[in-house]
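Colleague: First the structure, then my questions, so here it is.
The values are calculated or read from the model by the stated rules, or taken from the named source; none is laboratory data. Keep in mind that this is a model prediction, so the values were computed, not measured. Note that we place each Cβ from the backbone using ideal geometry, even for glycine, and neighbour counts take in every protein chain shown. Surface accessibility is based on the protein's heavy atoms, side chains included, excluding ligands, DNA and RNA. Shrake-Rupley method; radii C 1.70, N 1.55, O 1.52, S 1.80 Å.
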Amino acid sequence: MAVKRWGGGVYVALVVGGMLPPTIWAQESRQPVQRDANNAAEGQEEAHPLSAQEEHIHVTARRLDQARQALQPAIGATQTSFSRKAIEANPGGDNAALNSILLQAPGVTQDSYGQIHIRGDHNNVQFRLDGVALPEGVNVFGQALMTRFAHSMSLTTGVLPAEYGFRQAGVIDIQTKNGVSDEGGTLSGYGGVRDYVQPSLQYGGHWGQWDGFITADMIHDRVGIENTTPSYNAIHDLSRQHHILGHVRYTLRPETRFSFTAGISNAWYQLPNNPGQQHQFATPLFKADNALSMQANAPDSSHLDEHQQQITDFAILSWQEEHETVSAQTSAILRYSSMRYSPDWVGDLVYNGIAQQAARSVFSSGVQSDVTWRLNHAHTLRGGVQAYGERAVSKSNASVYPLAEDGSIIPQPMNVHDSSGKTGALYGAYIQDEWKITRKLTLNLGARFDGVEEYVHAHQFSPRISLVWTPWRGGRFHVGYARYLTPPPFETIGTTSLSRFANTSAAPAHYQNDRVKAERDNYYDIGFIQRLTPHWFIGVDAYWKDAKNLLDEGQFGAPVILTAYNYRRGHVRGVEFTTDYEAGPWSLYGNVALSRAMGKDINSAQWNFDEDDLQYMRHHWVHLDHDQRVTASAGAAYTAFRKTNHPLHLSGTMVYGSGLRQDKETATGDIPNGAHVPRYVTFNLALVQHICHIAALGGHNMQLRLDVINLFDKHYMLRDGSGIGVGAPQYGLRRSVMGGVSFSL
């Protein structure tokens with residue numbers, strides 16, 4: 001069901017259970033008038049109607065775009081869609097990171113390093129560009145994909161149809177801008193507190209059978225990674241980021257189109273310092289040894305110099321066919337991702353017992369092909385394949401202290417080098433039938449076969465089934481079941497040779513290191529959505545997942561590199577409530593999600609954990625570190641002067657979290673993830689003024705925007721540094737006032 005959000009021409013749509021009946025679809029799926037930088041304000045007619053050739057180009061491009069989207073329907077799943085207007089209305093607009101927009105969807109929880117958790121899963125998120133899945137990379141924080149590259153975006157959760165595999169907590173599909181729908185250019189500048197500067201440029205156009213779009217930006221700021229203290233400014237938190245994304249399309253004939261999409265992201269970060277730390281690594285054996293703390297060159301923890309570089313490059317070449325009864329798209333994909341951590345050689349060694357220069361990279365290449373065959377009115381068949389070859393490389397060069405025979409440290413560092421490489425493959429195939437049993441009842445029945453041949457070897461046949469029922473006008477039920485196979489992320493599997501660190505200050509407490517396994521799930525989902533009035537919708541959706549070898553990830557050590565591990569058993573339960581209201585220039589929406597994610601008995605990569613924690617989790621269920629009991633978001637928008645050449649958009653968003661997990665102190669010892677950090681709520685505001693057809697600018701348009709993030713300057717903690725697989729403390733961003741101006745070219 002399409003639920004419009006963001007009044008005055010800006011909306012977010014929530015789609016549950018697939019296609020609407022024609023009577024409802026016609027009323028609820030219409031989108032408000034959308035203008036690009038070269039178009040008039042809302043409610044105004046175009047100054048120059050399209051020529052016959054331009055109209056033909058627009059119609060052909062739109063038809064092929066609709067056919068491509070039909071290759072991956074969300075039948076039986078829950079889908080939240082963000083239009084271009086909704087993206088622009090979000091505080092920060094195109095300048096904001098993707099995760100800030102996704103936090104407005106139900107069931108999405110924020111974490112440090114720009115991570116999001118969907119329905120109680122750690123990452124397990126699949127990114128797609130125009131329906132093509134991107135292989136995973138090693139990047140942890142930052143955004144390789146730019147918000148301004150998105151014409152629209154959707155998040156699909158729940159019981160996913162069979163075409164979605166490998167990563168199934170949520171599928172984020174970005175419909176990219178193109179030279180037909182987003183013709184023209186824009187030059188903008190954005191910036192504000194903490195030395196934030198972000199210039200950007202974008203341009204789109206079409207030339208005969210060709211069209212293309214490109215965008216580029218540069219970011220310089222001092223808020224690259226979450227602050228380790230509640231102070232307004234972090235210590236040592238400079239970041240520099242560069243992004244370029246673009247694509248070109250060639251329409252050979254109305255039924256055939258080729259496209260090439262590519263992107264480059266290069267980001268460099270300082271790691272924020274945590275002042276006041278003790279002057280030696282906190283291993284019980286060495287707590288009483290003051291030899292290290294007496295070193296003259298041991299820096300204070302507020303003066304450490306650690307930094308990290310992340311690179312992501314990708315390219316997609318696609319061939320699309322659209323005929324009367326058959327649609328198809330085949331794509332070849334390349335992606336390279338690398339991360340390099342540089343330590344403070346003296347400081348890391350003194351504080352942690354190891355100073356490690358670490359580098360990881362993964363190169364992926366693959367193919368994805370999807371076909372839709374509209375057999376008749378009642379049956380639509382879909383099928384396809386995905387296959388990826390991957391090469392992961394890990395290298396490290398560490399400085400550690402050797403140990404004497406009596407176990408004391410020898411304050412003369414030694415070097416330990418470690419490197420490994422692995423080539424592997426992922427593959428999957430699916431087939432499904434969308435069967436319209438009656439006008440009000442649709443059954444989507446499908447199956448996947450997935451396999452992984454990497455550090456782990458696993459395969460699985462996975463049935464998917466969902467039923468969508470529309471018993472009355474404006475109401476819709478859906479219920480479904482899915483079997484999932486989730487391979488461990490290739491690039492996050494730890495490959496450290498533990499024996500190399502024996503008899504050193506970096507020796508693990510124990511050497512148990514079982515191989516990370518693939519997760520196998522039974523997933524159930526049921527939901528209902530109802531239109532109460534022409535302007536007001538409500539919805540509820542419940543889900544539960546039972547997992548074997550539940551996957552999780554944690555940060556162990558100074559480098560911000562996540563390492564995968566398994567719980568032998570896991571279960572996730574939750575329910576989401578959502579409501580939307582829109583009338584005239586006003587719009588309001590709200591989401592509340594309740595969730596519980598639990599695991600028991602860590603059965604891989606055990607050496608990363610304290611032995612007491614392992615023993616406790618062997619016999620007790622514990623909360624996952626990213627489990628948040630209550631997550632909520634809300635927003636409101638108002639558009640003034642919406643039928644003039646100078647519309648004014650005012651919008652606000654709210655994010656609430658009951659707190660991620662932390663250890664609980666008891667008289668008998670700490671309970672892993674037994675408590676949660678304090679709850680928080682933040683508010684963000686945006687004011688955007690459009691000025692169209694400015695004579696002094698040759699008839700071009702201008703946009704002015706003012707954003708306030710964390711309006712009430714709320715001090716809130718995302719992590720306190722304790723918990724399973726949690727590194728340093730992280731605090732949310734303090735109040736930030738940002739402004740920008742953009743001009744059409």
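Colleague: Return the total of residues in the range 485-510 being in contact with a Phe, Trp or Tyr (Cβ under 6 Å, 6 or more places away or on another chain) and hydroxyl-bearing (Ser, Thr, Tyr).
Modeller: Of the residues in that region, 1 qualify.
Colleague: Count, please, the residues in the range 213-243 that happen to be aliphatic (A, V, I, L, M) and in a loop (DSSP other than H, G, I, E, B). Write out each step before concluding.
Modeller: Within the range 213-243, the first condition is being aliphatic (A, V, I, L, M), and the residues that meet it are 214, 216, 218-219, 223, 225, 234-235, 238.
In the following step, the residues that additionally are in a loop (DSSP other than H, G, I, E, B) were identified as 223, 225, 234-235, 238.
Summing the residues that are aliphatic (A, V, I, L, M) and in a loop (DSSP other than H, G, I, E, B) in the range 213-243 gives 5.
Colleague: Looking only at the range 198-254, which residues are open to solvent by less than 50 Å² (accessible area, probe 1.4 Å) and charged (D, E, K, R)?
Modeller: The answer is 211, 217, 221, 226, 237, 249.
Colleague: Shifting gears a bit: Quickly run through the range 584-625 and pick out the residues that are part of a strand (DSSP E or B), closer than 24 Å to residue 116 by Cβ and of a type outside the set (Gly, Ala, Ser).
Modeller: Across the range 584-625, the qualifying residues are 588, 589, 591, 592, 594, 596, 598, 602, 622, 623.
Colleague: While we're here: Filter the range 563-589 down to residues that are over 22 Å from the mean Cα position of the chain (by Cα) and of a type in the set (S, T, N, Q), then give me how many there are.
Modeller: Within the range 563-589, residues that are over 22 Å from the mean Cα position of the chain (by Cα) and of a type in the set (S, T, N, Q) number 2.
Colleague: Further, regarding this structure: Mind listing just one residue for me: the one in the range 390-414 that is surrounded by fewer than 13 Cβ atoms within 10 Å (Cβ to Cβ) and of a type in the set (D, E, K, R) and, of those, farthest from residue 361 (Cα to Cα)? Outline the logic, then answer.
Modeller: Within the range 390-414, the first condition is being surrounded by fewer than 13 Cβ atoms within 10 Å (Cβ to Cβ), and the residues that meet it are 404-407, 412, 414.
Narrowing further to those that are of a type in the set (D, E, K, R): 405-406.
Working: 405: 38, 406: 39 Å.
Residue satisfying both the conditions and the ranking: 406.
Colleague: Something else now. Can you name every residue in the range 655-670 that is among the small types (Gly, Ala, Ser) and either open to solvent by less than 70 Å² (accessible area, probe 1.4 Å) or in a strand (DSSP E or B) (or both)? Lay out the reasoning, then the answer.
Modeller: First, pick out the residues of the range 655-670 that are among the small types (Gly, Ala, Ser): 657-659, 667, 669.
Of everything in the range 655-670, those that are among the small types (Gly, Ala, Ser) and either open to solvent by less than 70 Å² (accessible area, probe 1.4 Å) or in a strand (DSSP E or B) (or both) turn out to be 657, 658, 659, 669.
Colleague: Moving to a separate point now. Has the range 688-708 got at least one residue that is open to solvent by 30 Å² or more (accessible area, probe 1.4 Å), part of a loop (DSSP other than H, G, I, E, B) and under 23 Å from residue 90 (Cβ atoms)?
Modeller: No, the range 688-708 contains no residue that is open to solvent by 30 Å² or more (accessible area, probe 1.4 Å), part of a loop (DSSP other than H, G, I, E, B) and under 23 Å from residue 90 (Cβ atoms).
Colleague: Then there's this: Looking only at residues that are touching an Asp or Glu at 6+ places or on another chain (Cβ under 6 Å) and not aromatic (Phe, Trp, Tyr) in the range 581-602, which one is surrounded by the fewest Cβ atoms within 10 Å (Cβ to Cβ)?
Modeller: In the first step, residues of the range 581-602 are kept if they are touching an Asp or Glu at 6+ places or on another chain (Cβ under 6 Å); the result is 589, 593, 597.
Going one step further and asking which of them are not aromatic (Phe, Trp, Tyr), we end up with 593, 597.
Numbers: 593: 24, 597: 27.
Here the answer is 593.
Colleague: On to the next question. Are there any pairs, at least 6 apart or on different chains, whose C-beta atoms fall under 8 Å, with the first in the range 692-712 and at positive phi and the second hydroxyl-bearing (Ser, Thr, Tyr), and if so, which?
Modeller: Close Cβ pairs satisfying both conditions: 710/682; 710/736.
Colleague: Further question: Determine whether the range 675-682 contains at least one residue that is open to solvent by 20 Å² or more (accessible area, probe 1.4 Å), modelled with pLDDT under 90 and over 30 Å from residue 583 (Cα atoms).
Modeller: In the first step, residues of the range 675-682 are kept if they are open to solvent by 20 Å² or more (accessible area, probe 1.4 Å); the result is 675-676, 678-679, 681.
Filter once more, keeping what is modelled with pLDDT under 90: none.
There is no residue in the range 675-682 that is open to solvent by 20 Å² or more (accessible area, probe 1.4 Å), modelled with pLDDT under 90 and over 30 Å from residue 583 (Cα atoms).
Colleague: I'd like to verify a number: residues in the range 321-342 that are over 23 Å from the mean Cα position of the chain (by Cα) and open to solvent by less than 10 Å² (accessible area, probe 1.4 Å), how many?
Modeller: Just the residues of the range 321-342 that are over 23 Å from the mean Cα position of the chain (by Cα), to begin with: 321-330, 342.
Going one step further and asking which of them are open to solvent by less than 10 Å² (accessible area, probe 1.4 Å), we end up with 327.
So the answer is 1.
Colleague: May I ask you to list the residues in the range 596-610 that are farther than 19 Å from residue 562 by Cα and acidic (Asp, Glu)?
Modeller: Within the range 596-610, 601 is the sole residue that qualifies.
Condition check ((1) open to solvent by less than 40 Å² (accessible area, probe 1.4 Å); (2) modelled with pLDDT of 90 or more; (3) more than 22 Å from the chain's Cα centre (by Cα); (4) closer than 30 Å to residue 601 by Cβ) across all residues:
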| site | (1), (2), (3), (4) |
| --- | --- |
| 653 | yes, yes, no, no |
| 672 | yes, yes, yes, yes |
| 719 | yes, yes, no, yes |
| 736 | yes, yes, yes, no |
| 741 | no, yes, yes, no |
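Colleague: Among the residues of the range 647-684, count how many are in contact with a Ser or Thr (Cβ under 9 Å, 6 or more places away or on another chain) and over 24 Å from residue 112 (Cβ atoms).
Modeller: The number of residues fulfilling the criteria is 5.
Colleague: While we're looking at this one, here's another question. Testing residue 465 on (1) in contact with a Phe, Trp or Tyr (Cβ under 6 Å, 6 or more places away or on another chain); (2) under 30 Å from residue 106 (Cβ atoms); (3) open to solvent by less than 10 Å² (accessible area, probe 1.4 Å), one condition comes back false. Which one is that?
Modeller: Among (1) in contact with a Phe, Trp or Tyr (Cβ under 6 Å, 6 or more places away or on another chain); (2) under 30 Å from residue 106 (Cβ atoms); (3) open to solvent by less than 10 Å² (accessible area, probe 1.4 Å), residue 465 violates only (3).
Colleague: Something else about it: Name, by its number, the condition in (1) touching a Ser or Thr at 6+ places or on another chain (Cβ under 8 Å); (2) open to solvent by less than 30 Å² (accessible area, probe 1.4 Å) that does not hold for residue 578.
Modeller: (1)
Colleague: Right, something else. Across the range 623-651, what is the number of residues that are open to solvent by less than 20 Å² (accessible area, probe 1.4 Å) and either within 28 Å of residue 86 (Cβ to Cβ) or over 25 Å from the mean Cα position of the chain (by Cα) (or both)?
Modeller: Counting residues in the range 623-651 that are open to solvent by less than 20 Å² (accessible area, probe 1.4 Å) and either within 28 Å of residue 86 (Cβ to Cβ) or over 25 Å from the mean Cα position of the chain (by Cα) (or both) gives 11.
Colleague: If you don't mind, there's one more thing I want to ask. I'd like to know if the range 368-389 contains one or more residues that are in contact (Cβ under 8 Å) with a residue 40 or more places away in the chain, farther than 22 Å from residue 413 by Cβ, of a type in the set (A, V, I, L, M) and crowded, with 22+ Cβ neighbours inside 10 Å. Can you show your working first?
Modeller: From the range 368-389, those in contact (Cβ under 8 Å) with a residue 40 or more places away in the chain are 368-375, 377-388; that's our starting set.
When the remaining residues are screened for being farther than 22 Å from residue 413 by Cβ, the result is 368-375, 377-388.
Next, from what is left, pick out any that are of a type in the set (A, V, I, L, M): 371, 375, 378, 381, 385, 387.
Checking which are crowded, with 22+ Cβ neighbours inside 10 Å leaves us with none.
No.
Colleague: Among residues belonging to the range 494-525 that are assigned to a loop (DSSP other than H, G, I, E, B) and more than 30 Å from residue 409 (Cα to Cα), point out the one that is most open to solvent (accessible area, probe 1.4 Å).
Modeller: So the residue we want is 515.
Colleague: Looking at 180, 159, which one is touching a helix residue (DSSP H, G or I) at 6+ places or on another chain (Cβ under 6 Å) and in contact (Cβ under 8 Å) with a residue 60 or more places away in the chain? Reasoning before the result, please.
Modeller: Details: 159 fails: touching a helix residue (DSSP H, G or I) at 6+ places or on another chain (Cβ under 6 Å).
The match here is 180.
Colleague: Kindly indicate whether residue 77 is farther than 20 Å from residue 732 by Cα, aliphatic (A, V, I, L, M), in contact with a Leu (Cβ under 9 Å, 6 or more places away or on another chain) and touching a residue at least 40 places away in the same chain (Cβ under 8 Å). Talk me through it step by step, then tell me what you get.
Modeller: On the way: farther than 20 Å from residue 732 by Cα: yes; aliphatic (A, V, I, L, M): yes; in contact with a Leu (Cβ under 9 Å, 6 or more places away or on another chain): yes; touching a residue at least 40 places away in the same chain (Cβ under 8 Å): yes.
So residue 77 fits the description; yes.
Colleague: Now for a separate question. Suppose the filter is out of contact with any His (no Cβ under 7 Å at 6 or more places or on another chain), part of a strand (DSSP E or B) and of a type in the set (Ser, Thr, Tyr); does residue 581 pass it?
Modeller: Details: out of contact with any His (no Cβ under 7 Å at 6 or more places or on another chain): no; part of a strand (DSSP E or B): yes; of a type in the set (Ser, Thr, Tyr): yes.
No, not satisfied.
Colleague: Please go through (1) part of a strand (DSSP E or B); (2) among the basic types (Lys, Arg); (3) open to solvent by 10 Å² or more (accessible area, probe 1.4 Å) for residue 545 and return the number of the only condition it doesn't satisfy.
Modeller: Evaluating residue 545 over (1) part of a strand (DSSP E or B); (2) among the basic types (Lys, Arg); (3) open to solvent by 10 Å² or more (accessible area, probe 1.4 Å) leaves (3) as the failure.
Colleague: Same structure again: Sort out which residues of the range 343-364 are open to solvent by 20 Å² or more (accessible area, probe 1.4 Å) and touching a residue at least 60 places away in the same chain (Cβ under 8 Å), and write them in order of number.
Modeller: Within the range 343-364, 351, 352, 354, 356, 360, 361 meet the criteria.
Colleague: Here's something else I'd like to know. Could you check how many residues of the range 428-474 are closer than 30 Å to residue 516 by Cα, of a type in the set (A, V, I, L, M, F, W, C) and in a strand (DSSP E or B)? First the steps, then the outcome.
Modeller: The initial filter retains those residues of the range 428-474 that are closer than 30 Å to residue 516 by Cα, namely 428-431, 446-465.
Filter once more, so that each one left must be of a type in the set (A, V, I, L, M, F, W, C): 429, 431, 447, 449, 452, 456, 458, 461, 465.
When the remaining residues are screened for being in a strand (DSSP E or B), the result is 429, 431, 447, 449, 452, 458, 461, 465.
The number of residues fulfilling the criteria is 8.
Colleague: Anything in the range 179-188 that is assigned to a strand (DSSP E or B) and open to solvent by 30 Å² or more (accessible area, probe 1.4 Å)? List them, or say none.
Modeller: Going residue by residue through the range 179-188, those that are assigned to a strand (DSSP E or B) are 184-188.
Correct list: 187 only.
Quick grid of which residues meet (1) out of contact with any Lys or Arg (no Cβ under 7 Å at 6 or more places or on another chain); (2) modelled with pLDDT under 90; (3) basic (Lys, Arg):
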position: 357; (1), (2), (3): yes, no, no
position: 367; (1), (2), (3): yes, no, no
position: 372; (1), (2), (3): no, no, no
position: 376; (1), (2), (3): yes, no, no
position: 381; (1), (2), (3): yes, no, no
position: 391; (1), (2), (3): yes, no, yes
position: 399; (1), (2), (3): yes, no, no
position: 408; (1), (2), (3): yes, yes, no
